[in-house]
Amino acid sequence: MKNPLKDTIVVIQFPGVNCEYETAAAVRSIGLGVAIFRWNEAPSLLDDCTGIIIPGGFSYQDRIRAGVVAAKDRIMDKVAELARGGKPVLGICNGAQVLVESGLIPGIHWEKVDLALAPNVMADREGYYCNWVHLKKEKSDCLWTKGFHDGEVIPVPIAHAEGRFVTEDAGVLAAMKKNDQIALRYCDPAGAVIESFPVNPNGSVENIAGVSNREGNVLAMMPHPERATWLRQVPEDLGGPWGRKRRGAAGEAARMEDEGPGRRFFAALRDGKGGAR
Amino acid sequence: MKTRVELWVRLKVIDLVTQTARMTLAEKLNFADTLRGMTHYWYWGMDAEGTDAKGALDEIDRVIRLDGAFTNQNKHLYRLAGEREPVRGDLALEKDFAVSGPAVSGAAGGASGPGATGGGLFAFDCLVREKRPDRETGFAERLNGRLRGVAVSNMKYGEVWRLIVSAPSSDAALADVERMLVSRSRREGLLLNPHYQLYEIIATTRIEAGKSTGSARTKE
């Protein structure tokens, strides 16, 4: 019997996630097949899929610590196995927290927890923060960012309370830099990486917004590209070229359906730019 | 005069976070035979300075009962204690030693604290805190803005996991507890991420056969 997930992108639905349908819509927008996969289905079904996305939300209600309970789930054994074999895996927001807590990111020491996504540290506020931010695409072999050129500025929204990449191990940070694993950094609209809030919206070390594994097939990113997949999702008052494009399309329904700045994260798979080193 | 004050808070109803943690430890991290009981608390420890210890404790009690950042009496029990002062609140910590599974065997009555010999049940109160002191400072500022004639300092805030484990010795029990606490890999540890959190064992209790209450509470 044919595996129904063959040649599809799979979006894993842990209990408590809430971005699985928008993420699936983003994948569909680039013409790829997609399926939402419940966490307690047979893990072997994932063998033939094209790629795996762990979406945003609150898996297990963020109990204990965001992402940690899902990270211990049986399905993550299979995700780890497939990731090691080169299958593309993307974790968005809570999905990024799952990948960090499961040790798949940064993956320098196999399955070891080398990073944390700690509570945000922000000037004069604490807790949850939701806004559009700018990302700088860094030089990297990450397949999920290959649709962007080095130094490109990408506006996307964030929405989290625990998004501060941090490590106690200076060697891990050094290795991530040496291996070009820091795929995305928070920057201002002109591309300047400024450490302070609000450019760095959560206090992440080195302004890190996204980290890939060494091989480049797994990416954990806190921002939500699926919420920036269509031009209509871009706020009218956003600065820079995407804001101008959005304002220029006001009142034209067809143009509002044009590509948004986040779609290329998904399109890298379709365009054949993927493939682990 | 200065006195050390501790505030413990827990839910009155079934704590689903604790249930999830216990199931994860038992079913996914293979502690089903070891972990016999688990309770979760929020904890604040602080130095309080006022004219006398009783007055300081009374004043802190007045404020924390009115401030939902510390306790909401609709859903929480609390215990406020100071040195040599009667305890305030309705949380009986000494009764939170419920265990599941077979009856305790091999527990030598009378032994307590780390280093005790013989197997049995051991309870560890593990305080998990963030390495950044921002929230602790914030709680101290919040209290100091509301207290009259009392000032608090040296605030320590975190969550306490009371883990009751069955082990052949207290050293083995402590080793198991550390493996439950610290997330070192996907297959090891759950309750804290060492890259931004730390822990300390603030009390250890040997649970004697036939009793569900702690014996000595040993500070480390």
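The values are calculated or read from the model by the stated rules, or taken from the named source; none is laboratory data. Computed from a predicted model, the values in this text were never measured in an experiment. When we count neighbours, we look across all protein chains shown, and the Cβ atoms used for this are built from the backbone with ideal geometry, even at glycine.
Residue A:97 meets the conditions (1) within 14 Å of another protein chain (Cβ to nearest Cβ); (2) part of a loop (DSSP other than H, G, I, E, B) in every case but one. The failed one is (2).
Report yes if some residue within the stretch B:57-80 is closer than 30 Å to residue A:40 by Cβ, at pLDDT 95 or above and either in a strand (DSSP E or B) or out of contact with any Leu (no Cβ under 7 Å at 6 or more places or on another chain) (or both); otherwise report no. Among the residues of the stretch B:57-80, not one is closer than 30 Å to residue A:40 by Cβ, at pLDDT 95 or above and either in a strand (DSSP E or B) or out of contact with any Leu (no Cβ under 7 Å at 6 or more places or on another chain) (or both), which makes the answer no.
Given the criterion of a type in the set (Val, Ile, Thr) and either out of contact with any Gly (no Cβ under 8 Å at 6 or more places or on another chain) or on the phi > 0 side of the Ramachandran plot (or both), identify the matching residue among A:92, A:105, A:52, A:9. Explain how you work it out, then say what you get.
On the way: A:92 fails: either out of contact with any Gly (no Cβ under 8 Å at 6 or more places or on another chain) or on the phi > 0 side of the Ramachandran plot (or both); A:105 fails: either out of contact with any Gly (no Cβ under 8 Å at 6 or more places or on another chain) or on the phi > 0 side of the Ramachandran plot (or both); A:9 fails: either out of contact with any Gly (no Cβ under 8 Å at 6 or more places or on another chain) or on the phi > 0 side of the Ramachandran plot (or both).
The unique qualifying residue is A:52.
Within the stretch A:126-146, is there a residue that is surrounded by 18 or more Cβ atoms within 10 Å (Cβ to Cβ), within 25 Å of residue A:46 (Cα to Cα), more than 13 Å from the chain's Cα centre (by Cα) and free of Cβ contacts under 8 Å to residues at least 24 places away in the same chain? No, the stretch A:126-146 has no match at all. Residues that are in a helix (DSSP H, G or I) and among the charged types (D, E, K, R) within the stretch B:118-161 comprise B:134, B:135, B:136, B:141, B:142, listed in sequence order.
Residue-by-condition table, conditions (1) under 15 Å from the mean Cα position of the chain (by Cα); (2) modelled with pLDDT under 95; (3) among the aliphatic types (A, V, I, L, M):
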| position | (1), (2), (3) |
| --- | --- |
| A:75 | no, no, yes |
| A:80 | no, no, yes |
| A:84 | no, no, no |
| A:93 | yes, no, no |
| A:101 | yes, no, no |
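Against the criterion of being part of a helix (DSSP H, G or I), at pLDDT 95 or above, surrounded by 15 or more Cβ atoms within 10 Å (Cβ to Cβ) and out of contact with any Lys or Arg (no Cβ under 9 Å at 6 or more places or on another chain), residue A:264 does not qualify.
Residues in the stretch A:108-149 that are away from chain B (no Cβ under 14 Å) and not in a loop (DSSP other than H, G, I, E, B): A:129, A:130, A:131, A:132, A:133, A:134, A:135, A:136, A:137, A:143, A:144, A:145. Residues of the stretch B:83-94 that are in contact with a helix residue (DSSP H, G or I) (Cβ under 9 Å, 6 or more places away or on another chain) and at pLDDT below 95: B:83, B:84, B:85, B:86.
For the subset of the stretch A:182-226 comprising residues that are assigned to a strand (DSSP E or B) and touching a Cys at 6+ places or on another chain (Cβ under 6 Å), which member is surrounded by the most Cβ atoms within 10 Å (Cβ to Cβ)?
A:212
Of the residues making up the stretch A:95-111, those that are out of contact with any Lys or Arg (no Cβ under 9 Å at 6 or more places or on another chain) and within 20 Å of residue A:61 (Cα to Cα) number 5. Identification of helices (runs of 4 or more DSSP H) wholly contained in the stretch A:1-85 with 2 or more residues that are more than 14 Å from chain B (Cβ to nearest Cβ) yields A:20-28. Among the residues of this structure, residue B:13 does not count as one that is touching a residue at least 60 places away in the same chain (Cβ under 8 Å) and within 27 Å of residue B:153 (Cα to Cα). Is the stretch A:166-181 home to any residue that is in contact with a Phe, Trp or Tyr (Cβ under 8 Å, 6 or more places away or on another chain), in contact (Cβ under 8 Å) with a residue 12 or more places away in the chain and in a loop (DSSP other than H, G, I, E, B)? There is no residue in the stretch A:166-181 that is in contact with a Phe, Trp or Tyr (Cβ under 8 Å, 6 or more places away or on another chain), in contact (Cβ under 8 Å) with a residue 12 or more places away in the chain and in a loop (DSSP other than H, G, I, E, B).
Of all the residues in the stretch B:178-197, those that are within 10 Å of chain A (Cβ to nearest Cβ) and not in a loop (DSSP other than H, G, I, E, B) number 5. Residue under question is residue B:163, and the condition is that it be more than 14 Å from chain A (Cβ to nearest Cβ) and modelled with pLDDT of 95 or more; does it hold? No, not satisfied.
Taken together, the residues in the stretch B:136-147 that are within 13 Å of another protein chain (Cβ to nearest Cβ) and surrounded by fewer than 15 Cβ atoms within 10 Å (Cβ to Cβ) amount to 3. All of (1) modelled with pLDDT under 95; (2) closer than 30 Å to residue A:125 by Cβ; (3) of a type in the set (Gly, Ala, Ser) hold for residue B:153 with one exception: (1). Quick check on the stretch B:167-177: of everything there that is buried (at least 22 other Cβ atoms within 10 Å of the Cβ) and under 21 Å from residue B:41 (Cα atoms), which residue is nearest to the other protein chains (Cβ to nearest Cβ)? Filtering first and then ranking leaves B:177.
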